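Data block below; observations after.
The values are calculated or read from the model by the stated rules, or taken from the named source; none is laboratory data. As the structure is a prediction and not an experimental result, all values here were calculated from the model. Here the Cβ positions follow ideal geometry from the backbone for every residue, glycine too, while neighbour counts run over all protein chains shown. Side chains included, ligands, DNA and RNA excluded: accessible areas come from the protein's heavy atoms. Shrake-Rupley method; radii C 1.70, N 1.55, O 1.52, S 1.80 Å.
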Amino acid sequence: LFRDGPFLGGERAADCELYEVVSCPLRPIGPAVLSFDSSIDGGKSAVSILVHPSIQKPLDVELAKLAVRCLEPTPLSLLRLRGRTATSTVKRLIGDDENLDDCPHGSLFEVKIMSKAATARCHRQNQRHKHLSSNIPSCGWDILCHPSSSLELFKDIVNNYGACPIGMIDHDKAQLEAYPPLPMFPRDYPDTQAGRNYWCGGQNSGNSS
């Protein structure tokens with residue numbers, strides 16, 4: 001997938017697992033989403049690595065071991081839209097006539113919502129079984145935006161676009177009942193330090209946000 005045209009063109013993100021340097025398949029850190037950007041001045045390219053906040057520091061340690069230039073971490077807010085009407089809601093939000101119904105998992109769209117820059121990312125991890133009724137609650141879209149605009153956007157989606165907020169228990173249940181079941185970080189990653197913290201009830205034991 002990392003050599004795929006849509007990924008290298010910045011049109012699709014890729015899911016992956018992170019490990020400590022020269023350790024794979026041992027010493028996993030946790031899941032990540034990668035996106036590629038080749039539009040940087042000087043003919044250079046960049047890869048954005050989106051991770052759960054609980055593994056930001058371990059990731060920084062591993063990146064420091066590599067001969068790469070790393071920018072300061074940028075906080076992002078993630079709004080998940082899931083269920084039967086997720087795609088129609090995103091269409092109304094971005095005001096675009098583009099066909100979003102059959103987008104592959106990870107497809108990226110740079111959009112402006114309420115005059116604020118955001119990224120819409122298609123979420124269909126069970127792409128081959130996306131039409132099964134058990135997968136509908138876990139399919140939809142992720143909206144990535146700056147934290148300063150997330151609360152206003154959240155209120156707008158709920159009050160004006162018919163979205164219904166749910167809790168982490170409901171979200172986890174949808175992941176568990178999908179086919180195949182989808183893991184949640186850090187709960188379902190006991191081989192990572194964040195997963196061990198979760199099951200020990202220690203620091204950073206909260207579920208994915």
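Observations, loosely collected:
- When Ser54 is tested against (1) more than 13 Å from the chain's Cα centre (by Cα); (2) open to solvent by 40 Å² or more (accessible area, probe 1.4 Å), only condition (2) is not met.
- Some residue of region 104-114 being assigned to a helix (DSSP H, G or I) and open to solvent by less than 80 Å² (accessible area, probe 1.4 Å): no
- The residues listed here are Tyr161, Tyr179; of these, the one that is open to solvent by 20 Å² or more (accessible area, probe 1.4 Å), more than 30 Å from Leu18 (Cα to Cα) and either of a type in the set (Val, Ile, Thr) or in contact with a Ser or Thr (Cβ under 6 Å, 6 or more places away or on another chain) (or both) is Tyr161.
Residue-wise test of (1) touching a helix residue (DSSP H, G or I) at 6+ places or on another chain (Cβ under 7 Å); (2) closer than 23 Å to Ser35 by Cα.
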| position | (1), (2) |
| --- | --- |
| Val111 | yes, yes |
| His123 | no, yes |
| Ile136 | no, no |
| Pro147 | no, yes |
| Pro190 | yes, no |
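- Scope region 115-143; condition aliphatic (A, V, I, L, M), surrounded by fewer than 19 Cβ atoms within 10 Å (Cβ to Cβ) and touching a residue at least 40 places away in the same chain (Cβ under 8 Å); matching residues: Leu132, Ile136
- Residue, farthest from the chain's Cα centre (by Cα), within region 120-153, restricted to residues that are part of a loop (DSSP other than H, G, I, E, B) and under 23 Å from Ile169 (Cβ atoms): Leu132
- Residue in region 19-37 that is open to solvent by 80 Å² or more (accessible area, probe 1.4 Å) and in contact (Cβ under 8 Å) with a residue 24 or more places away in the chain present: no
- Residue under evaluation Asp15, criteria (1) in contact with a Leu (Cβ under 6 Å, 6 or more places away or on another chain); (2) in contact (Cβ under 8 Å) with a residue 40 or more places away in the chain, criterion not met: (1)
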